[in-house]
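Asks: One structure is given below, represented as structure tokens, and several questions about it will come after.
The values are calculated or read from the model by the stated rules, or taken from the named source; none is laboratory data. None of these values were measured; they are calculated from a predicted model. So basically every Cβ, Gly included, is an ideal-geometry build from the backbone, and we count neighbours across all protein chains shown.
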Amino acid sequence: MGQKRRKFDPITLEILWRRLISIVDESDSSVARTAFSSLLRDAHDYTCMFTDQKGRELAQGSFATPGQSGAMALGVKNLITKFPLKMYKPGDIFITNDPWALAGHLNDVCVLSPIFYKNKVVAFTACVFHHSDIGGRVSSDNHDVFEEGLFIPFVKLYDGGELNQSVMEMIRWNVRTPDEVVGDIRSQIAANHVCAEKISQMLKENDLENLDDLADQIIDRTEKSMREEIEKIPDGVYRAEGVIEQMKGQQDVVIKAAVEVKGSDLLVDLDGSSPQVNWGGNVVYNFTYAYVFMAMKSMFGPDIPNNEGCARPIKMKAPEGSVVNCKFPAAVAARLVIGHFITEIIYRALSGVASNKVIAASGGTPAQMNVFYGRRNDAKPWHSVIIRGGGMGASSINDGNYVYIFPANGANTPVEIFESDTPLLVEKRELLTDSGGPGRMKGGLGQREVFRIPDDHYAPLPPVNLGIQAGRHLYPPEGLFGGKPGAKAQFLVNGVPGNPFGLTQLKPGDVVTIDAAGGGGNGNPLEREPEMIVRDVLEGYVSLEKAKEDYGVVIHPQTLQVDEQETKKLREFLKTTIMTSKDHQDRN
């Protein structure tokens, strides 16, 4: 006879579930205290999670990055189940950055550890860090993965508690800033250790032999909650497509999505999307699934903690060799430039049947990643990565957040941290007036940041290299339901447009201006309350000219009071103009 399964009453189940989340959050917080790179400490570009002994995700950090966590849920399970449990020993620690196995590019390095309790494997814990430096040519226009840095297959970093020094030395000698990279790997090891210790403590305190029965009930309950929400959407196939800009001289990338809702099951079919490209925007299957999952999770279960149960109703098909399921050895370093758009396109597909669950396009899609590196006057190398968000798309009930990284989950690196990590100076960082897309609900504002390469005795040895991973330079974030697009992104070197897809070499005295796009608006701008426009003008978010032009609100320049009579006349005129224009378009 099989061992009797343990059933947990609802209160105990909730307490234990929340404890699991607190454990991984404690592991997560250890990273903030021990990581060397500001990209981890301050921008939070990492994810901690753990699974049961079958590889099923049980919990992830509350501030996990969706692209990493969604990809890890698939990848870690595949890695774990590839080997029998008897292969693992206490003290084993594995490492890999295989883009196709996990999170989609070489910078995302995974450290994975089995957790033992009473001499048996009861769980696995893993964390993925975006390492600022993984060697290679730091540019989006690389042609294959071999140009992008050090490729680490799935190997043991520690064997039964003994460090594999050869692996660590291989890593050290293939990166520009080895002390920082090795320090961050040790931070990953520490995070896994915290998770393992706390899980063992929980098992002991609750007289549990393993996590299997608890995992079954948590995952089943989560799946039930997700399915109940999905069933509220009418059955059908809902379609959308998006166009993503490419580098100059090449055809734009097209992403096509057909979302089939059948009862409580969802199938996202990306057939018809563009073939993989010869630059680093290619996306591996795991990373694409992560942002399909992000869309569905944010729509149907935003308050449900993440685990395998959330993903069970969601299936995806992506043609192999396409830009959303690229084949080795495609270049993938800039996979966010295309991958981040997946969530937006899913929203667009379902906007007609779930208008209150989606937002307009965001200027932080994709997140803007700027990689600076060079040498100081003493020839010592330096390397820094900063992330910048744009305006978030507006929802049906709220304006978009300003300067937000979406759908990724990160933070804008503080100016003070960037200046302390590098020889560069930040001359300006500001919100961009009128950059949010007009709508009944306004898109979030984008931002401008101006960098200068010092030209005095503190200047670094030239050149300073700048690799950008960004988008929205040609096509602005679209609005929804009559909302207008946000402002486009911009990249200037000494006032002249630069190439956001290549590697830019800067010299002392150069000034770089980078604008992040604003978010799209939601709903007809002529329906926005005039009092809200006045507030926007007072805060400097909307100019007097755009208040009149986009919203039909006439505000007296001295008193900043709404001229109600003129506003009414102007809005009636603009509505008539729009209706006439629409009727003309329909006839043609």
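Asks: Can we say Pro366 is in contact with a helix residue (DSSP H, G or I) (Cβ under 6 Å, 6 or more places away or on another chain) and within 27 Å of Val145 (Cα to Cα)?
Replies: yes
Asks: Still on this model: What are the pairs, 6+ residues apart or on separate chains, where a residue within segment 47-70 that is assigned by TED's automatic domain parsing to the domain that holds Arg19 has its Cβ under 9 Å from a residue that is among the acidic types (Asp, Glu) and part of a loop (DSSP other than H, G, I, E, B)?
Replies: That search, which allows pairs on different chains as well, returns Thr65/Asp45; Gln68/Asp45.
Asks: Same structure again: Could you list, in sequence order, the residues of segment 119-138 that are in contact with a Ser or Thr (Cβ under 9 Å, 6 or more places away or on another chain) and either farther than 30 Å from Thr504 by Cβ or of a type outside the set (Phe, Trp, Tyr) (or both)?
Replies: Correct list: Val122, Ala123, Phe124, Thr125, Ala126, Cys127, Val128, His130, His131, Ser132, Asp133.
Asks: Within segment 65-164, which strands (runs of 3 or more DSSP E) (wholly inside it) include 3 or more residues that are in contact with an Asp or Glu (Cβ under 7 Å, 6 or more places away or on another chain)?
Replies: 120-130, 155-159
Asks: Quick check on segment 59-80. Is at least one of its residues within 24 Å of Ile387 (Cβ to Cβ) and of a type in the set (D, E, K, R)?
Replies: no
Asks: With the checklist (1) farther than 17 Å from Gly436 by Cβ; (2) part of a loop (DSSP other than H, G, I, E, B) in hand, flag the one item Gly482 doesn't pass.
Replies: With (1) farther than 17 Å from Gly436 by Cβ; (2) part of a loop (DSSP other than H, G, I, E, B) applied to Gly482, the lone miss is (1).
Asks: Restricting the search to segment 519-547, which residues are among the β-branched types (Val, Ile, Thr) and either farther than 16 Å from Gly437 by Cβ or touching a residue at least 40 places away in the same chain (Cβ under 8 Å) (or both)?
Replies: Once the filter is applied, which keeps residues that are among the β-branched types (Val, Ile, Thr) and either farther than 16 Å from Gly437 by Cβ or touching a residue at least 40 places away in the same chain (Cβ under 8 Å) (or both), segment 519-547 yields Val534, Val537, Val542.
Asks: Give Ile304, Ile346, Ile255 a once-over and let me know the one that is closer than 21 Å to Glu228 by Cα and buried (at least 20 other Cβ atoms within 10 Å of the Cβ).
Replies: The unique qualifying residue is Ile346.
Asks: I want to confirm something. Restricting to segment 404-425 and keeping residues that are over 21 Å from the mean Cα position of the chain (by Cα) and buried (at least 21 other Cβ atoms within 10 Å of the Cβ), which single residue is nearest to Asp456 (Cα to Cα)?
Replies: Within segment 404-425, the match that is nearest to Asp456 (Cα to Cα) is Leu424.
Asks: Can you tell me which residues in segment 83-110 are touching a residue at least 60 places away in the same chain (Cβ under 8 Å) and more than 18 Å from Tyr46 (Cβ to Cβ)?
Replies: Lys89, Pro90, Gly91, Asp92, Trp100
Asks: Moving to a separate point now. Do you know which residues across segment 485-528 are part of a loop (DSSP other than H, G, I, E, B), modelled with pLDDT under 95 and of a type in the set (S, T, N, Q)?
Replies: Result: Asn499, single match.
Asks: Does any residue of segment 549-558 turn out to be assigned to a helix (DSSP H, G or I), touching a helix residue (DSSP H, G or I) at 6+ places or on another chain (Cβ under 8 Å) and at pLDDT 90 or above? Steps first, answer last, please.
Replies: The first filter runs over segment 549-558 and keeps only residues assigned to a helix (DSSP H, G or I), leaving 549-551.
Right, trim to touching a helix residue (DSSP H, G or I) at 6+ places or on another chain (Cβ under 8 Å) and you get 550-551.
Then drop every residue that is not at pLDDT 90 or above, which leaves 550-551.
Within segment 549-558, one or more residues are assigned to a helix (DSSP H, G or I), touching a helix residue (DSSP H, G or I) at 6+ places or on another chain (Cβ under 8 Å) and at pLDDT 90 or above.
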